[in-house]
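Only one structure is covered here, and it is reproduced in the block below.
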Amino acid sequence: MNFTTIRWDHDEGALVLLDQTRLPGEIIYETCRDFQSVAEAIRRLKVRGAPAIGVAAAFGVVVGVQHSRADDYASICREVDEAADVLAATRPTAVNLFWALDRMRRTVREHRGVPAEDIKRALLREAQSIQAEDETTCRLIGEHGAALLRPGQTVLTHCNAGALATSGTGTALAVVYQAHDEGKRIHVFADETRPVLQGARLTAWELARAGIGVTLICDNTAAQVMKEGRIDCVIVGADRVAANGDVANKIGTYGVAVLADAHEVPLYVAAPFSSIDLSIASGHEIPIEEREATEITQGPGGRTAPEEVEVYNPAFDVTPARYVSAIITERGVARQPYAESLDALSHKVWEPYVTG
Ligand code: MRU
C-alpha cells in the first residue's frame, strides 16, 4: 500500500500512527511516546479496525516499558499490567485488543528471572510478531476470499476493513485487492457508514488510491442497489465472531445482512482467527461499545440535531450466523454450521508464522 497505518520508530522508541480522523483531507502521522497516548488514539479512532487496534495496543505496552526505569522482573510485570489495563479499557468489542494484550502479558511472564533489558526486547519482538503475522494473515485471507469472486463482479462493503484497519491489505478489502491483482476487474460499492463515515472517508479513499473502481452510497441506498441487481456479494470485516458464527461488526452490518438475505446476495465475513472468540457461545455475549452522542448530533457542518435530544449510539451490531454465507479466515473458509467449521479450523495444524 502507498501509506503506512502503524509503524514502530526504532530510533525514538515510539509508535507512529496514521491519524484516521483526519482522512481523507489530510495525511498526518502522529507519534505516540507513552501508552496513554496510544490508548487515547485508540479511543478517539485515530487508529481503528479490529486487527489494527490489536497491533497498536501491543506496541502501546512496548512504549509503556521502553523508557521506564523498571529494572527487575516484578516491576516490569507491574508496568506491563498497568499499561495493558489502560489499553484494554479503550474499546470493548474488538476481541483482537484483548488477544494482543494477553500475548504481551504472557510474554513478560515467560521471562521470569531474565534481565530487565532482555524482557523489554522480548516485548518489542512480540509486538513486531503480532504485526508481521497480521500482514501475512491479510494476504492469506485475500487469497482464500478471491477464489469466491468471479471476474467483473461487484462487491458491497460496509465500514472499513481495509489496509487502514490492519497492518496489511485488510480483511474484506484484502479479498478485493487480491482479486484485482488476479485481473478480475472487481468494482466496489462502499456504504458511507454513519455516523463516523469510515466507508466514505476511509474505504473510498484507500480503494481509489489503489486504482480500484469504487462507488460511494448512503447507507440507506444499499437496498436499492441490491434490488437493481447490481451487487454480486457483500463482504464485511468483523470485530468479534462467536463460536456459533454470530458476527459483531460496525453498526449497520446487521441491516445489510438482512437486505442481502432478502435479495439472495451472499454475505461473506472476512476475519483473522484473532477476531474469532471461541470462548463465547453466541453473539449475545459480545459487549457492544456505545459511543458519544455528538457522533450523531454534530456533523462536519455543525449541529444536526437539537441539543436536548436523547441519542442511542451503539458502534456495533451482531449479525446472526444464519445470514452469513461464509467466514473467510487465514486458515481457510468456514461454512455453516459454524460451531463445527470454526472448531475444525481452530484445530487445523497451523505452521507458526515466519517473521523477519
Ligand atoms: O469503529 P471501527 O472503525 O473500529 O470499526 C471497524 C469495523 O467495524 C471493521 O469492520 C472491523 O473492525 C474489521 S477491520 C478489518
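Things worth noting here:
- Residue under evaluation residue 65, criteria (1) closer than 30 Å to residue 172 by Cβ; (2) β-branched (Val, Ile, Thr); (3) crowded, with 17+ Cβ neighbours inside 10 Å, criterion not met: (1)
- Only listed residue being in the same structural domain as residue 88 (by TED's automatic domain parsing), in contact (Cβ under 8 Å) with a residue 60 or more places away in the chain and surrounded by fewer than 17 Cβ atoms within 10 Å (Cβ to Cβ), chosen from 24, 51: 24
- Residue ID - surrounded by the most Cβ atoms within 10 Å (Cβ to Cβ), chosen from residues in the range 100-115 that are over 28 Å from the mean Cα position of the chain (by Cα) and within 11 Å of residue 77 (Cβ to Cβ): 111
- Any hit, the range 223-232, residues being small (Gly, Ala, Ser), closer than 28 Å to residue 53 by Cα, assigned by TED's automatic domain parsing to the domain that holds residue 157 and open to solvent by less than 50 Å² (accessible area, probe 1.4 Å): no
- Residue 262 being exposed (fewer than 13 other Cβ atoms within 10 Å of the Cβ) and either more than 20 Å from the chain's Cα centre (by Cα) or not hydroxyl-bearing (Ser, Thr, Tyr) (or both): yes
- Tabulated pairs, the range 247-273, first closer than 18 Å to residue 228 by Cα and among the charged types (D, E, K, R), second open to solvent by less than 10 Å² (accessible area, probe 1.4 Å) and more than 10 Å from the ligand (Cβ to nearest atom), C-beta under 8 angstrom, 6+ apart or interchain: 261/267
- The range 180-237: number of residues that are on the phi > 0 side of the Ramachandran plot and within 16 Å of the ligand (Cβ to nearest atom): 2
- Any pair with Cβ under 9 angstrom, 6 or more apart, that starts in the range 228-239 at a residue that is more than 16 Å from residue 216 (Cβ to Cβ) and ends at one that is open to solvent by 60 Å² or more (accessible area, probe 1.4 Å) and at pLDDT 95 or above: 229/263; 232/150
The values are calculated or read from the model by the stated rules, or taken from the named source; none is laboratory data. Worth saying up front: this structure is predicted, and the values here are computed from it rather than measured. Cβ coordinates were reconstructed from backbone atoms using ideal geometry, including for glycine residues, and neighbour counts include every protein chain displayed. Side chains included, ligands, DNA and RNA excluded: accessible areas come from the protein's heavy atoms. Shrake-Rupley method; radii C 1.70, N 1.55, O 1.52, S 1.80 Å.
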